[in-house]
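Only one structure is covered here, and it is reproduced in the block below.
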């Protein structure tokens, strides 16, 4: 069959289109997730697109932008990926008598666009002061905020007293005064808008016999973890028992009410400076990191919410890593990764990730260096890491470094857990002095 000149050109163009479409159909290069990083230097939040094929991060449109508050310290994503909450701790100003005044403290709500961009919506005050942590309730219908200090009679002010009292039971060794105990503020969430509504404490009343706007906890709030219907708070002191390091357990129901579990004040025996409480991806194990002894305490949660230490006891962090700041496991809970601010081997200015194999039946932790699979138990990362997570494709691990103002990425070997550099570069510039990082799966 003979084609005219026009027919031959049309046929050639069609063939080119087939080749072009065929090439495109074999290209699996797409945005796997959106990564968000908060930074305290300029009170910003940045958003990035994560490339599934290389793990590279590129800035989303309009990034970074203001958190509309001061000292953003944490952020989390609402279930479904449409909204991000940023917790701004605020700026504390301490007077000569020890009284603290807070400015710029709030919870800022951002919507997430289809391209990973963020748009500010509205801000809410936390009920207490010195807010340091956020947690999302099961199903994404409740938001919990951990505050170092309960509210008092003067707005935006934390009281100070020269003597201990019911109102100021907690000793502040830095200022030499007594301060209020901590609290947890609870909010219900409108899932369609992300808007927050305060949940009142129906179990306790103020001096006017009205329900409290918060749930009281103990002194020296450090961190908290929510899982399997119970909320656990790590605290630095317990005046009632004299225990210096303790974890409290609270029953967390769907109405937002927190009820302390009987016997829920559990001293972490041997711990002297807790920094983090978290859990494995499966939720089977709860970890308490103690920088005082450079140890990892592993627990299981009983049906009553109380913690039980595993038979192996606390595990030592790797000898060349100190200053534990965050933890994560891989999606199958085979490996535990811990960020450390310092490496005694590499030098004080360097930071590392210490890595452990998790025994699935006992929870015991084995450093990578004790196995045939690897000859090292630590992997370098950006200076001063503050957060760590595995991406939704389970290929990559990311940290953000407060000392380096970069996000560091690594590829995960799913069989051995070994971390290696990304093949097109592993460091990505981000906002100044990062404080937290998280991701949202790309569901578009």
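Flag: residue 432 matches the condition of being assigned by TED's automatic domain parsing to the domain that holds residue 334, part of a loop (DSSP other than H, G, I, E, B), surrounded by fewer than 17 Cβ atoms within 10 Å (Cβ to Cβ) and touching a strand residue (DSSP E or B) at 6+ places or on another chain (Cβ under 9 Å). Scan region 311-343 for residues that are under 17 Å from residue 271 (Cβ atoms), over 18 Å from the mean Cα position of the chain (by Cα) and either part of a strand (DSSP E or B) or in contact (Cβ under 8 Å) with a residue 60 or more places away in the chain (or both) and the total you get is 3.
Residue-by-condition table, conditions (1) assigned to a loop (DSSP other than H, G, I, E, B); (2) touching a strand residue (DSSP E or B) at 6+ places or on another chain (Cβ under 7 Å):
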position: 41; (1), (2): yes, no
position: 49; (1), (2): no, yes
position: 55; (1), (2): yes, yes
position: 58; (1), (2): no, yes
position: 61; (1), (2): yes, no
position: 70; (1), (2): yes, yes
position: 76; (1), (2): no, yes
position: 81; (1), (2): yes, yes
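Residue 362 falls short of the stated requirement of being part of a strand (DSSP E or B) and modelled with pLDDT of 95 or more.
Are any of the residues in region 381-402 over 18 Å from residue 55 (Cβ atoms) and out of contact with any strand residue (DSSP E or B) (no Cβ under 6 Å at 6 or more places or on another chain)? Checked against the condition, which is being over 18 Å from residue 55 (Cβ atoms) and out of contact with any strand residue (DSSP E or B) (no Cβ under 6 Å at 6 or more places or on another chain), region 381-402 yields no hits at all. Considered as a group, the residues in region 131-163 that are assigned to a loop (DSSP other than H, G, I, E, B) and touching a residue at least 24 places away in the same chain (Cβ under 8 Å) include one that is surrounded by the fewest Cβ atoms within 10 Å (Cβ to Cβ), and that residue is 156. Filtered by the rule that a residue be over 14 Å from residue 361 (Cα atoms), modelled with pLDDT of 95 or more and surrounded by 13 or more Cβ atoms within 10 Å (Cβ to Cβ), region 310-321 gives 314, 315, 317. Of the residues examined, residue 270 is not one that is closer than 26 Å to residue 73 by Cα, at pLDDT below 95 and either out of contact with any helix residue (DSSP H, G or I) (no Cβ under 6 Å at 6 or more places or on another chain) or surrounded by fewer than 22 Cβ atoms within 10 Å (Cβ to Cβ) (or both). Given the structure, is residue 176 modelled with pLDDT under 95 and closer than 28 Å to residue 281 by Cα? Answer is no for this residue. Being within 20 Å of the chain's Cα centre (by Cα) and under 25 Å from residue 436 (Cα atoms) is a property that residue 350 lacks. Could you list all residues from region 105-119 that are surrounded by fewer than 17 Cβ atoms within 10 Å (Cβ to Cβ) and either in a loop (DSSP other than H, G, I, E, B) or not assigned by TED's automatic domain parsing to the domain that holds residue 185 (or both)? Scanning region 105-119 gives 113, 114, 115. Out of 181, 166, 240, I need the residue that is within 23 Å of residue 264 (Cα to Cα), in a loop (DSSP other than H, G, I, E, B) and modelled with pLDDT of 95 or more. Which one? Only one candidate passes the filter, namely 181.
The values are calculated or read from the model by the stated rules, or taken from the named source; none is laboratory data. Keep in mind that what you see is a predicted model, and the values were worked out from it rather than measured. FYI the Cβ positions are ideal-geometry reconstructions off the backbone, even for glycines, and counts take in every protein chain you see.
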